[in-house]
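Structure record follows, encoded as structure tokens.
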Amino acid sequence: MSDPFPELIDTRSLRIAIDDGFNWIVAHYGEPLEIAFLPILRMLIATEDFLQWLPWYVVLIALSALTYLASRSWKTAAGTAVMLFVIGVIGIWEPAMATVALMLISTLLAVVIGIPIGVTMSRSNTMQSVALPVLDIMQTMPIFVYLIPFVMLFGPGKIPALLATIVFAIPPVIRLTNLGIRHVDAEVTEAVTAFGATPRQRLFTAQIPLAMPTIMAGINQTTMMALSMVVIASMIGAGGLGYQVLQGIQRLEVSRGLFAGLGIVFLAIIFDRIAQSYGRRMQQHLNIES
Amino acid sequence: MANGETKIAVRNIYKVFGPDPRAVMDQVRAGVSKTELLEKTGHVIGIRDVSLDIKAGETFVVMGLSGSGKSTLIRHFNRLIEPTAGQILVDGSDVLELSAGALRDFRRHKVSMVFQRFALLPHKTVLENVIYGLAIGGTGKAQARDKGMEQIELVGLAGFENQYPKQLSGGMQQRVGLARALATESEILLMDEAFSALDPLIRNDMQDQLKDLQARLHKTIVFITHDLDEALRLGDHIAILKDGELRQVGTGPEILLDPADDYVDRFVRDVNRARVVTVGSIAQPVSSIAAGEASVETLRPLLEESAAVVLMEEGRPRFVITREMAADGRLGGLLDNTVTLPGVVCVDELAMLEESFPSLTGSNDAIVVTKADSIPVGVVARKTILNAMIRHRA
Ligand SMILES: Nc1ncnc2c1ncn2[C@@H]1O[C@H](COP(=O)(O)OP(=O)(O)OP(=O)(O)O)[C@@H](O)[C@H]1O
Ligand SMILES: [Mg+2]
């Protein structure tokens, strides 16, 4: 390079400072944090064990029934059954169930954490103007960057995989909860206030129900992002289909990578359909023109 | 509180929208124009120095063009909007001093509201919508249901209680809105362009229904509209707003017959007065006396206090003697020779001018305005009726 960028600050010492700081956190809080997250780890393992324990046909029937309940379409339900059957046939049932467990738990936690954050954001413009750029950064930051701090804190394993997945997948549910509540017809919120609703009553009797279709769209996107994170999360010990893909790369086995990839695609289609049809039915129930 | 007493008193309220309304209040008080203030400071004047008295049991209409501040004004009454300056007294107590809890109680029990675009909860049934105010106020389920069903029947929606709002037509949805407002049994009903989103025919129905309900319930209604016909049909008093300022308050006929300024005049110009002005509102008061007791002595003092005297026979108006006819000592002569007196046609005081037309034609009988069929309350000259139908200012 003929003319390198001038060294304005000493980046080496800055980086050392950041790394040392983080190391300090790891050294002092690593263990308590690990203990704090133990219940979540147990929940994840229990879910996975349960799914593995269930006979394959029970899972297949249950998911197909769920698809039917959400979509009221035999075709869509049959599609779910066929795709799950193929997953079994090509021998990736077990990793697929591990992936489903990770996806379900991380989505659940993302929703439980994300909706209250979205609600808070919708109530204050200051909160929104702080949170939006943070969410932007969360969504544009390369996924791998999340892995580093979590692995350092917990070591490779399911907990860092779960946490990284949650951080990666949570922005849509926060964003769309905020958006949904802000777009609730102002006259309706005004009306419930005029009848003497407390802020809490206003939230639960008007704002959340009316924002529900939008919130559901957020949950759907969060589900899909959690699923897309599994390949990367497998690099730090998440297991499941992602690990199969990783092995395919390491061993240069095209078939292994292809089958696992197919499994991920099928799972994505199944859960996307369930969530979308459910959202659509809810919209009809709300009698809101879409 | 008895009818006729002041229910809502508005005292010099100002509402300025913008980043720092208090900072520009001096300019607003000094009379800066709405556009100038907006250009110079980015503040919008919603309401400027409005004072009003709204009486218990009346329907008070606020009228004005789009952006004149009607919605802003009505939202002060239940404090959905707080004024930048001024006071709002309901039953004599200052609404602005209510604590958060007291304000909620006030909204749950004292004042309810009907909205232009209905503002129903789409995920709740008609019944659930109607009892919304009761439910959040903690009324028991069974009791709320009973009250709700009563209101649903009152507005003519029995049988639809388990439907969802979007399954109903606009007119029916607004009936739900009305029932929801009535269900809390509040004394004050705020209606912000409640019928503006409806078709003309449905709108007429709703106006009739509201008049019916009001005749039974005697609420204090504040009704907002930009439609003069609606205002004249419903309003006991009408206030006209322009750019946040009050231009005139009065009864419908007062505003039609004596517009306070050019703006009001232009507003009321196209109204068919014959259809909205009552004969009673333009009549001159009269005294009455039984024809048998009429003499120069008995009539003279009566003619001094009113412009005309109606002579009654068998409880019905028979002759009219006006001050002019009795001038120059002609009174005695008139009484001696009553056959020369003109006869009488009676018109009810509540009749519209239009309905009095038949009595205008072809005779020179005096027109006596009566109530309860035969009690004379006034007389009206043909010329007065014709004048009333013509605009005062060109
Ligand atoms: N929240 C607000 N922020 C800024 N300006 C506002 C706000 N609300 C109302 N205004 C302004 O105050 C003025 C009065 O508005 P308002 O809604 O009361 O009018 P209106 O008579 O109800 O009109 P319409 O017939 O269109 O409903 C308008 O100039 C409007 O732009
Ligand atoms: Mg308005």
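The values are calculated or read from the model by the stated rules, or taken from the named source; none is laboratory data. Since the structure is predicted, the reported quantities are computational estimates derived from the model, not experimental observations. Glycine gets a Cβ as well: all are built from the backbone with ideal geometry, and neighbour counts include every protein chain shown. Please note that ligands, DNA and RNA were not included when accessible areas were found on the heavy atoms of the full protein model with its side chains. Shrake-Rupley method; radii C 1.70, N 1.55, O 1.52, S 1.80 Å.
Here are a few things to note about the model shown:
- Any helices (runs of 4 or more DSSP H) falling wholly within the stretch A:176-277 and containing at least 1 residues that are among the aliphatic types (A, V, I, L, M), open to solvent by 40 Å² or more (accessible area, probe 1.4 Å) and free of Cβ contacts under 8 Å to residues at least 24 places away in the same chain: A:186-194, A:240-251
- For the stretch B:163-176, the set of residues classified as under 24 Å from the mean Cα position of the chain (by Cα), modelled with pLDDT under 95 and closer than 25 Å to B:GLY138 by Cα consists of B:GLN174, B:ARG175, listed by residue number.
- Count of residues meeting criterion [open to solvent by 60 Å² or more (accessible area, probe 1.4 Å) and within 16 Å of ligand 2 (Cβ to nearest atom)] in the stretch B:181-233: 1
- For the stretch B:252-289, a residue qualifies if it is part of a helix (DSSP H, G or I), over 23 Å from B:SER66 (Cα atoms) and in contact with a His (Cβ under 8 Å, 6 or more places away or on another chain), and exactly one does: B:LEU257.
- Tally of residues being assigned to a loop (DSSP other than H, G, I, E, B) and either touching a Phe, Trp or Tyr at 6+ places or on another chain (Cβ under 9 Å) or within 16 Å of ligand 1 (Cβ to nearest atom) (or both) across the stretch B:159-185: 2
- Which numbered condition B:GLY315 misses (of (1) farther than 14 Å from B:VAL368 by Cα; (2) surrounded by fewer than 15 Cβ atoms within 10 Å (Cβ to Cβ)): (1)
- Qualifying residue in the stretch B:9-21 (condition: within 18 Å of the chain's Cα centre (by Cα), modelled with pLDDT of 90 or more, within 13 Å of ligand 1 (Cβ to nearest atom) and within 14 Å of chain A (Cβ to nearest Cβ)): no
- Only a single item in (1) more than 17 Å from A:GLY155 (Cα to Cα); (2) charged (D, E, K, R); (3) modelled with pLDDT under 90 is not met by A:GLU34, and it is number (1).
- Meets criteria (part of a helix (DSSP H, G or I), in contact with a strand residue (DSSP E or B) (Cβ under 7 Å, 6 or more places away or on another chain) and under 13 Å from B:MET63 (Cβ atoms)) for B:VAL249: no
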